[in-house]
Amino acid sequence: MLDLVVVGDANPDVLVFGVPATPPAGQAETLVSSGTLALGGSAAIAAHGAARLGLNTALVAMVGRDAAGDFTLDTLRSAGVDISGCVRHERLPTALTVCLNQPGGDRAILTAPGCLPFFAPASLPPARHAHAASYFLQPALAAALPALLRDFAGSTSLDTNDDPAGTWLLAPGLLEACDLLLPNEAEALALSGSADLDGALRVLAGHGCTPVVKCGARGAVALDGGTVHRVRGPDAVPVDTVGAGDSFDAGFLAAWLESGDLDSALALGSACGALSTRAAGGTAAQPTAEEARKVSKEARI
């Protein structure tokens, strides 16, 4: 049986570095410091990271019948991800994301959704755990997800990622169908409507799931059964933070599936997130299990 099935988005990322805050228009050509083509999509990055850690991992996603779709599936296949559950839209293109990275570390993210809004699998393959990502980019999947997760025989998790529309409305029953919720801090505040992280943890946990919140360089925090678990991750000087949260998800789930221990899962997730920032793109620097376990020992619980 599969260890992990991930359902959600998969597409190329075009990462451009050294971009001015407002690139000049008027057909002016602006030289930047560097650019990279990489695997993108939060679900795809998480699946890639889990396979890198040694989990038997499958991705269920949709791409188009185009070169972008070929690149996406080839990259996943080369990493050992089972892509037999991926489908290709006959007419619409693969989604595409462009990340404009400014010298100060901020970035703008531009996504052409392509076929993403029309993706809604009827079922998920059997696995120990199902993880869903990029909820707000995929309205057809969002509508189907409560039933998909409720009917799934294994444990379940969700990383909503950002909501471009800013509504932050989840389908009724969705959080109740999740064992784990894996937002970052800004997403946790928006989803809960709370003004502070402690309040957000309590609101989200009130739906019956265990919220696990990523706090960037400050590590991560979870609330389970009234007990707060906090981990300060290893120190890192990031080259690029794209996909770090998705690599955290992969590491967290790998450790949680192995032991069920939240502290160990937070430590390994934080290590995977930090290590993934060593290179441009979400997958180029994702660690092996050996690398991640070694660095996780630096986490402060």
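The values are calculated or read from the model by the stated rules, or taken from the named source; none is laboratory data. What you see is a predicted model; the values in this text were computed from it and never measured. Cβ atoms come from the backbone with ideal geometry, glycine included; neighbour counts cover every protein chain shown.
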Can you confirm whether region 186-202 contains a residue that is of a type in the set (Ser, Thr, Tyr), buried (at least 19 other Cβ atoms within 10 Å of the Cβ) and under 30 Å from Ala21 (Cα atoms)?
-> no
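Each row is one residue, and each column tells you yes or no for (1) over 14 Å from the mean Cα position of the chain (by Cα); (2) crowded, with 24+ Cβ neighbours inside 10 Å.
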| site | (1), (2) |
| --- | --- |
| Leu181 | no, yes |
| Ala205 | yes, no |
| Gly226 | yes, no |
| Val239 | yes, no |
| Phe252 | no, yes |
| Ser259 | yes, no |
| Ala265 | yes, yes |
| Gly269 | no, yes |
Among the residues listed as Glu29, Glu90, the single one being at pLDDT 95 or above and loosely packed, with under 14 Cβ neighbours inside 10 Å | Glu90
Of all residues in region 285-301 being crowded, with 17+ Cβ neighbours inside 10 Å and in a loop (DSSP other than H, G, I, E, B), the one that is modelled with the lowest pLDDT | Ala299
Among residues belonging to region 1-26 that are modelled with pLDDT of 95 or more and part of a loop (DSSP other than H, G, I, E, B), point out the one that is surrounded by the most Cβ atoms within 10 Å (Cβ to Cβ).
-> Ala10
If Thr57 satisfies every condition in (1) surrounded by 17 or more Cβ atoms within 10 Å (Cβ to Cβ); (2) β-branched (Val, Ile, Thr); (3) in contact with a Pro (Cβ under 8 Å, 6 or more places away or on another chain) but one, which is the exception?
-> (3)
Taking region 97-148 only, how many residues are hydrophobic (A, V, I, L, M, F, W, C) and crowded, with 20+ Cβ neighbours inside 10 Å?
-> 14
